[in-house]
Amino acid sequence: MAGNAPDGGARQSGPGVKIARPFGIPVFISPYWFLIAGVFVILWARSLERSVSGDLRYVVAAAFVVLLYASVLVHELSHSVVARAFGLPVRRILLYPLGGFSEIEREPPTPGREFLVSAAGPLISLALAGVGFGLLRAFHPGGIPGVLLSQLVVANLLIGVFNMLPGLPLDGGRMLRAGVWKLTGRPSSATVAAAWAGRGLAVAVVLIPLALFVRSGSQAQVFDVLWLAVIAAFMWTGATQSLRASRVRERLPELQARLLARRAIPVPSSLPLAEAAQARALVIVDHEDRPIAIVSEAAVMATPVQRRPWVDAGSLARTLDPGLVLSADLSGMALVEAVRRSPASEYLLVEPSGQVFGVLAAADLDHAFAGV
């Protein structure tokens, strides 16, 4: 499975092992990929018993898995290249056991661009399937190149068709979202519609095959049922996350730096911590009362009470780098992005005139963000 996943501003940890940087876009592989890839190699090797003899079938199966995920990478690169052509920053591409996604930092600003970015992946997968089908005539169907190529044709065809299903988190879901957005003019309503369509598809992925098995009287294989359940769970989870992200985006304007600010208490660097430990927002100032650093509240709380008379406030402060000085007028996603660019525990808020307004604690922002 593949799809593009615009970022909602949440901080994320390292995604996995970096393997390449095509077009300047970092590509990572999830650590779990290697485990699942090994399982795929064994399963495909067993299916090749009639066409490839001996241990060579494991080599062929491994080659197929590598080429399959190379196809997924091309699929994701198409999303990323189109997104960058529209001026949308692409943070990275992640390949994981079920496929991959392109982490695009901002939502496309128009439904038309949303549609084009989303459609690029499935279209390139279908194009790869078409090219592979055309090349099949050049190879003997029973030979190893022919076997590999025929399987890649089928795989890319399935990737392209499946990802065009109209429901989030699939590419087709984002295409549906673009269409509803165009008709209604409301991106949040479009997200809700596409997410619920994705939930419906998740249920159908499990129920329809099982209904066909029951109707035909054949027995469903345990592996097939588990595989369908994993895909359905992935789709349901992705659709649910889209619904939550939509609700967060609707209420993001409620996040205002001014409302979250703490009063800034200016203190000299040499002030003993015991004389100011009750204040929650200490700003170190120089001899001209200009702010030069912010005291870490976490560091203050970690300092034993009996040691505070001998600890200077300046020793627990962080120098005010440019990224730690924010406008007090910031709100919504602009505020979230400003904090994400320069991770810290405290930020100095200033008026447009440069006058100090207060201190924004990351803990207060996180608490407010979780409550929106």
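Structure notes:
- When you filter the chymotrypsin sites (Phe, Trp or Tyr not before Pro) in segment 144-208 for DSSP loop state and at most 11 other Cβ atoms inside 10 Å of their Cβ, nothing is left.
- Amide H contacts under 5 Å for residue 346, placed H, 5+ residues apart: 362
- Net charge of Cβ neighbours under 10 Å - reference residue 28; Lys, Arg +1; Asp, Glu -1: +1
- Spin-label pair residue 213/residue 182, simplified geometry with 7 Å Cα→Cβ offset, distance in nm: 3.9 nm
- Summing charges over neighbours of residue 329, with a neighbour being any other residue whose Cβ is under 10 Å away from its Cβ, gives 0 when K and R count +1 and D and E count -1.
- Formal net charge of residues neighbouring residue 185 (Cβ-Cβ distance under 14 Å; K, R +1; D, E -1): +2
- Summarising the strand pairing of segment 275-349, around 75 percent of its internal DSSP beta bridges are antiparallel.
- Its Cα centre serving as origin, the chain has a Cβ charge dipole (Lys and Arg +1, Asp and Glu -1) of approximately 940 debye.
- Cα coordinate range in segment 250-372, projected on the principal axes (Å, largest first): 48, 31, 21
- Cα convex hull volume per residue for the chain (Å³): 191 Å³
- Pairs of Cα atoms farther than 16 Å apart, segment 24-77, %: 47 percent
- Inter-centroid distance (Cα atoms) of segment 300-372 relative to segment 167-215, Å: 41 Å
- Along the axis of the charge dipole computed for the chain (Cβ charges of +1 for Lys and Arg, -1 for Asp and Glu, origin at the Cα centre), the listed residues 179, 319, 355 are led at the positive end by 179.
- At least 24 Å along the helix axis (C-alpha) and Kyte average at least 1.0, DSSP helices within the chain: 31-47, 56-85, 111-135, 144-163, 187-216
- Bridge orientation summary for the chain: considering DSSP beta bridges with both residues in this region, about 65 percent are antiparallel.
- The label-point distance for residue 138 and residue 327, in a model that sets each label 7 Å from Cα toward Cβ, rounds to 5.6 nm.
- Stretching the chain fully between residue 338 and residue 307 yields a gain of 7.6 nm (0.36 nm per residue, less the alpha carbon separation).
- Ranked by how many other beta carbons lie within 10 Å on average, peptides 264-275, 295-306 from highest: 264-275, 295-306
- Mean residue ellipticity at 222 nm, helices only, the chain: -18000 deg cm²/dmol; runs of at least 4 DSSP H residues each add -39,500 (n - 2.57), and the sum is divided by the number of residues.
Where a number appears in this text, it was derived from the coordinates with a stated rule and is not lab data. Since we're looking at a predicted model, the values are computed, not measured. As a convention, Cβ positions derive from the backbone with ideal geometry for all residues, glycine included, and neighbour counts pool all protein chains shown.
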